[in-house]
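Peer 1: This is the structure, below, for whatever I ask next.
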Amino acid sequence: MYNTLTVEIQSVVFLNEDNGYTILRGRSKEEPGTLTLVGTMGRLTPGETVEVSGEWKTHPKFGRQLEVASFTQARPATENGVIKFLASSAIKGIGPAIAERMVEQFGVEVLDVLDTEPEKLIKIRGISKSKLVDIVESWNKQREVKNLIIFLHSHEVPPTYAGKIFHLYGAQSVRKLEENPYELTYHIRGVGFRTADTMALKLGFPSDCHQRIEAAIVYTLFTTSERQGHLFLPKAKLLDEVARMLDGVAFERIETGLEALAEIKRVQIEPAEPDAAEGSEPVYLWHHYRYERESASRLYELASHPRPVSKAKIEIALPEVEQRLGFILSQEQREAVFEACVNKAFIITGGPGTGKTTITRAVVGTLKELGLKVKLAAPTGRAAKRMSEATGEPAQTIHRLLQFAPDGGFQYNEEKKLRTQVLVVDEASMLDAQLFLSVLRALPLTCRLVLVGDVNQLPSVGPGNVLGDLLNSGAIASARLTHIFRQAQESFIVVNAHRINAGQLPRQSPYQPPQADFFWVNQDDPERVRDIIVETVCERIPQRYGLDPMRQVQVLTPMHKGEVGTQELNKVLQERLNPRPAMARNVEIRRGNLLLRVGDRVLQLRNNYDKEVFNGDLGWVEEVDSEAGEVAVDFEGNLVHYETSELDDLTLAYAVSVHKSQGSEYPAIVVPVVTQHFIMLQRNLIYTALTRARDLAVIVGSERAMTIGLKNTTAGRRYTRLAPRIAEAFETRSDK
């Protein structure tokens with residue numbers, strides 16, 4: 001039940017400038033004592049009066065507070081209220097003394113003077129012409145933001161994005177929303193079609209208007225790229241999906257909307273392949289189309305630009321490198337190293353135990369022996385750290401190498417090239433289309449590019465299938481490593497990874513702990529699987545292998561929901577491994593469904609270049625100050641501080657998704673494989689999970705679920721045309 005109150009604001013406790021979320025203290029004639037109001041109300045100022053409507057809730061720590069659903073603003077009614085409002089620092093250029101003079105001169109009507117005749121304020125001592133400009137500008141901006149928030153409230157639209165909308169449109173915000181709220185989906189990250197559609201329909205836009213149809217098409221292309229990694233959709237599939245989403249809108253109207261988007265270059269419709277079925281024309285978002293075309297072109301220019309390396313010198317340098325590194329290469333490895341040094345662009349791919357790391361070390365050593373400047377990089381911080389440990393050479397993330405810029409681009413780009421003669425990129429299966437193009441843009445044509453990765457792993461989280469497409473193009477020289485070395489054959493992690501990749505069920509290790517490195521516990525009941533996982537992580541592995549369950553054992557799971565999804569497993573593992581100490585204070589903090597305690601293992605969900613912490617980084621909560629709303633997390637020596645509003649960037653990491661584990665390696669992993677996860681069960685997902693283990697892997701699941709996953713080799717396939725574009729670029733240009 002909603003309560004409506006008239007409240008005079010006394011103080012602002014908290015304001016999130018990005019989304020307008022506010023915590024206020026105030027007084028009302030309808031309720032005794034000081035009231036707490038929370039909700040999206042933007043910048044309100046002590047002295048102002050608001051009429052609010054909302055529900056009373058009891059916060060476990062802060063007590064009774066009103067969650068504001070809507071509000072209207074009234075001017076301060078008393079001279080004292082006006083002075084308090086003007087002097088609150090909300091309006092640039094007005095302090096307490098000037099506020100008192102303004103009210104003394106004009107009374108409570110001074111706010112009307114600010115609105116309609118601000119030039120009269122020049123009479124006030126302390127207000128110069130230049131200061132008056134600042135005052136009027138600040139007053140207008142504050143008023144316009146509040147008008148926008150009230151406009152959103154009045155149309156029953158959550159004003160969460162009011163700050164971003166105002167930043168985009170400024171004083172024109174309300175007018176722009178009335179003209180076409182769907183434009184927000186193109187310009188503001190986080191405002192999806194559903195949010196804009198709710199707003200538009202409440203504003204009276206027809207359900208079959210062209211703005212709605214066009215936004216739905218773009219939204220469908222965008223979400224399939226974000227969620228499924230596609231760079232395009234076949235035309236018929238796209239139109240069918242949009243028609244289902246816009247139930248009741250004529251199919252012809254949707255086709256017309258697609259043509260209109262193509263005319264204004266928001267989408268690109270490509271010709272279908274010869275003899276392809278009707279409706280198979282690829283439809284791209286324009287920037288995805290550019291990624292493919294530009295990547296193919298730049299890759300050809302790089303690979304074909306002459307920069308020979310003496311083969312004779314390689315033959316001399318290679319034995320010296322072998323002696324220095326302390327190993328002898330096999331014939332397959334020697335050929336791979338030789339070709340990697342000779343070719344301008346080269347790919348090294350293979351499964352665990354096939355010697356990718358050995359070859360990478362030899363390639364780097366040989367090229368450095370020849371006097372070339374070599375840089376090493378990987379898509380994630382953990383992958384870069386592993387690369388550095390494996391090669392003995394410094395490695396960094398691609399984002400740090402290219403120097404990520406605040407505008408979302410990179411400081412090293414087509415205008416400013418990297419100063420290097422060789423770039424070696426590990427975990428290349430994680431490269432998405434945009435990041436790969438950014439690398440190509442930053443490389444001078446004289447540079448050599450060596451990509452190292454396992455093409456059988458899951459493709460990148462972002463759209464595209466770069467490593468697979470490069471290999472499938474047949475245009476880039478490569479070494480596909482298949483021989484498993486003798487020492488690797490002794491590991492059942494390695495043996496079973498190759499069996500899974502071949503579509504065969506894994507074998508149980510014949511050894512006992514601590515010699516055994518692979519176990520398969522046959523169980524399919526989700527609740528029982530959950531209990532076995534908890535017991536395995538918290539008791540069996542620590543007792544039999546001496547591993548620390550907090551830092552050395554990682555649960556990997558295909559999904560987020562369900563009894564053995566990340567959400568449930570993190571909850572139960574947190575309670576077992578890091579329960580709240582009895583009578584302890586100030587050791588935990590809550591943000592929505594996220595509860596963090598000192599000692600918890602957490603995962604960073606987004607790149608944050610200011611804090612130097614990146615998507616996929618693992619850390620441990622070092623400090624919690626629940627009263628100040630602050631958390632400190634140790635990311636392997638980098639102590640990062642978070643305010644409460646920034647905790648959405650973190651999640652518990654006792655259990656993480658297989659996708660989030662890419663590029664990482666853990667001493668021990670535990671993986672549920674159950675029929676409940678049949679939607680996500682794929683051969684490359686199970687393979688990727690198993691290859692994250694260094695010393696021990698435990699699979700808990702049924703043979704039926706495993707068989708479902710091993711047979712599923714098509715569900716994760718992505719719509720891309722990078723491979724034929726590369727092949728065409730090399731064939732067409734080499735003929736000239």
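The values are calculated or read from the model by the stated rules, or taken from the named source; none is laboratory data. Everything numeric in this text was worked out from a predicted model, so none of it was measured. Here the Cβ is made from the backbone with ideal geometry for all residues, glycine too, and neighbour counts use every protein chain on show. The area values use the complete protein model at the heavy-atom level, side chains included, leaving out ligands, DNA and RNA. Shrake-Rupley method; radii C 1.70, N 1.55, O 1.52, S 1.80 Å.
Peer 1: Filter region 87-108 for residues that are polar (S, T, N, Q) and surrounded by 14 or more Cβ atoms within 10 Å (Cβ to Cβ) and give the result.
Peer 2: Listed by number, the residues that qualify are S88, Q105.
Peer 1: Right, here's the next one. Within the set of pairs 6 or more residues apart or between chains, which connect a residue that is among the small types (G, A, S) inside region 133-150 to a residue that is open to solvent by less than 60 Å² (accessible area, probe 1.4 Å) with Cβ atoms less than 7 Å apart?
Peer 2: Hits for this filter: S138/I91; S138/G93.
Peer 1: Which one is modelled with the highest pLDDT, of the residues in region 398-412 that are in contact with a helix residue (DSSP H, G or I) (Cβ under 6 Å, 6 or more places away or on another chain) and surrounded by fewer than 22 Cβ atoms within 10 Å (Cβ to Cβ)?
Peer 2: Y412
Peer 1: May I ask you to verify whether F222 is in contact with a Pro (Cβ under 7 Å, 6 or more places away or on another chain), of a type in the set (A, V, I, L, M, F, W, C) and within 18 Å of H287 (Cα to Cα)?
Peer 2: Taking the combined requirement at face value, the residue does not satisfy it.
Peer 1: Among the residues of region 477-489, is any open to solvent by 70 Å² or more (accessible area, probe 1.4 Å) and either part of a strand (DSSP E or B) or modelled with pLDDT of 95 or more (or both)?
Peer 2: Yes.
Peer 1: Which residue, of R530, R540, is of a type in the set (K, R), touching an Asp or Glu at 6+ places or on another chain (Cβ under 7 Å), open to solvent by 10 Å² or more (accessible area, probe 1.4 Å) and assigned to a helix (DSSP H, G or I)?
Peer 2: So the residue among R530, R540 that is of a type in the set (K, R), touching an Asp or Glu at 6+ places or on another chain (Cβ under 7 Å), open to solvent by 10 Å² or more (accessible area, probe 1.4 Å) and assigned to a helix (DSSP H, G or I) is R530.
Peer 1: Restricted to region 238-268, and to residues that are of a type in the set (K, R) and part of a helix (DSSP H, G or I), which residue is least open to solvent (accessible area, probe 1.4 Å)?
Peer 2: Selected residue: R253.
Peer 1: Go through region 49-71 residue by residue and tally those that are surrounded by 14 or more Cβ atoms within 10 Å (Cβ to Cβ) and not in a strand (DSSP E or B).
Peer 2: Of the residues in region 49-71, 0 are surrounded by 14 or more Cβ atoms within 10 Å (Cβ to Cβ) and not in a strand (DSSP E or B).
Peer 1: Picking from G279, G371, G353, which residue would you name as being at pLDDT below 90 and open to solvent by 20 Å² or more (accessible area, probe 1.4 Å)?
Peer 2: After applying the criteria, what remains is G353.
Peer 1: Hey, any hits in region 586-608 for a residue that's open to solvent by less than 20 Å² (accessible area, probe 1.4 Å) and among the small types (G, A, S)?
Peer 2: no
Peer 1: Look at region 555-581 and say how many of its residues are part of a loop (DSSP other than H, G, I, E, B) and of a type outside the set (S, T, N, Q).
Peer 2: 11
Peer 1: Within region 439-454, work out how many residues are under 16 Å from L370 (Cβ atoms) and either open to solvent by 10 Å² or more (accessible area, probe 1.4 Å) or acidic (D, E) (or both).
Peer 2: Within region 439-454, residues that are under 16 Å from L370 (Cβ atoms) and either open to solvent by 10 Å² or more (accessible area, probe 1.4 Å) or acidic (D, E) (or both) number 1.
Peer 1: Also, quick follow-up: Quick check, is E301 closer than 23 Å to V424 by Cβ, open to solvent by 70 Å² or more (accessible area, probe 1.4 Å) and either touching a helix residue (DSSP H, G or I) at 6+ places or on another chain (Cβ under 7 Å) or modelled with pLDDT of 90 or more (or both)?
Peer 2: The answer is yes for E301.
Peer 1: Would you check if there is a residue in region 210-223 being of a type in the set (D, E, K, R) and open to solvent by 60 Å² or more (accessible area, probe 1.4 Å)?
Peer 2: No, region 210-223 contains no residue that is of a type in the set (D, E, K, R) and open to solvent by 60 Å² or more (accessible area, probe 1.4 Å).
Peer 1: If the Cβ limit is 9 Å and pairs must be 6+ apart or interchain, which residue in region 364-379 that is under 17 Å from N343 (Cβ atoms) pairs with which residue that is of a type in the set (F, W, Y) and open to solvent by 30 Å² or more (accessible area, probe 1.4 Å)?
Peer 2: Final answer for the pair search is T366/F338.
Peer 1: Could I ask something else about it? Among the residues of region 109-132, which ones are open to solvent by 50 Å² or more (accessible area, probe 1.4 Å) and farther than 25 Å from L15 by Cβ?
Peer 2: Once the filter is applied, which keeps residues that are open to solvent by 50 Å² or more (accessible area, probe 1.4 Å) and farther than 25 Å from L15 by Cβ, region 109-132 yields E109, D112, T116, E117, E119, K120, I122, K123, R125, S128, K129, S130.
Peer 1: Let me ask you something else. Return yes when D197 is under 15 Å from M245 (Cα atoms), part of a helix (DSSP H, G or I) and modelled with pLDDT of 85 or more and no when it is not.
Peer 2: In short, yes.
Peer 1: Turning to a different aspect of this structure: May I ask you to list pairs of residues, at least six apart or on different chains, whose Cβ atoms are under 7 Å apart, with the first in region 525-548 being within 22 Å of D695 (Cβ to Cβ) and the second being basic (K, R)?
Peer 2: Partner pairs satisfying both residue conditions: V534/R576; C538/R576.
Peer 1: Going through Q508, Q457, Q512, Q504 one at a time, which residue ends up being under 22 Å from A383 (Cα atoms), assigned to a loop (DSSP other than H, G, I, E, B) and either open to solvent by 10 Å² or more (accessible area, probe 1.4 Å) or not β-branched (V, I, T) (or both)?
Peer 2: From the options Q508, Q457, Q512, Q504, the qualifying one is Q457.
Peer 1: Out of curiosity, is Y719 in a loop (DSSP other than H, G, I, E, B), in contact with a strand residue (DSSP E or B) (Cβ under 9 Å, 6 or more places away or on another chain) and at pLDDT 90 or above?
Peer 2: Yes: the conditions hold for Y719.
Peer 1: Check whether at least one residue in region 641-648 is crowded, with 21+ Cβ neighbours inside 10 Å and under 21 Å from the mean Cα position of the chain (by Cα), and report yes or no.
Peer 2: Yes; the residues of region 641-648 include at least one that is crowded, with 21+ Cβ neighbours inside 10 Å and under 21 Å from the mean Cα position of the chain (by Cα).
Peer 1: Residue pairs, Cβ under 8 Å, 6 or more apart or interchain, first in region 698-719 and more than 22 Å from Y511 (Cα to Cα) and open to solvent by 70 Å² or more (accessible area, probe 1.4 Å), second in a helix (DSSP H, G or I) and modelled with pLDDT under 95. List them.
Peer 2: From residues that are more than 22 Å from Y511 (Cα to Cα) and open to solvent by 70 Å² or more (accessible area, probe 1.4 Å), the pairs are R704/T675; K711/R683.
Peer 1: Further question on the same structure: Pull out all pairs, ordered by first then second residue, where Cβ-Cβ is under 7 Å, the residues are six or more apart or on different chains, the first lies in region 332-348 and is touching a residue at least 24 places away in the same chain (Cβ under 8 Å), and the second is among the aromatic types (F, W, Y).
Peer 2: Hits for this filter: E339/F346; A340/F346.
Peer 1: Closer than 22 Å to S664 by Cβ, modelled with pLDDT of 90 or more, part of a helix (DSSP H, G or I) and under 33 Å from the mean Cα position of the chain (by Cα): does that describe L547?
Peer 2: Criteria not met by L547.
Peer 1: Is it the case that some residue within region 27-48 is surrounded by 20 or more Cβ atoms within 10 Å (Cβ to Cβ), among the hydroxyl-bearing types (S, T, Y) and at pLDDT below 75?
Peer 2: no
Peer 1: Check K344, K385 and return the single one that is of a type outside the set (G, A, S), touching a Leu at 6+ places or on another chain (Cβ under 7 Å) and open to solvent by 10 Å² or more (accessible area, probe 1.4 Å).
Peer 2: K344 is the lone residue from the list that is of a type outside the set (G, A, S), touching a Leu at 6+ places or on another chain (Cβ under 7 Å) and open to solvent by 10 Å² or more (accessible area, probe 1.4 Å).
Peer 1: Within region 256-311, track down each residue that is charged (D, E, K, R), touching a residue at least 12 places away in the same chain (Cβ under 8 Å) and within 15 Å of P234 (Cβ to Cβ).
Peer 2: Passing the criteria: E270, E278, E281.
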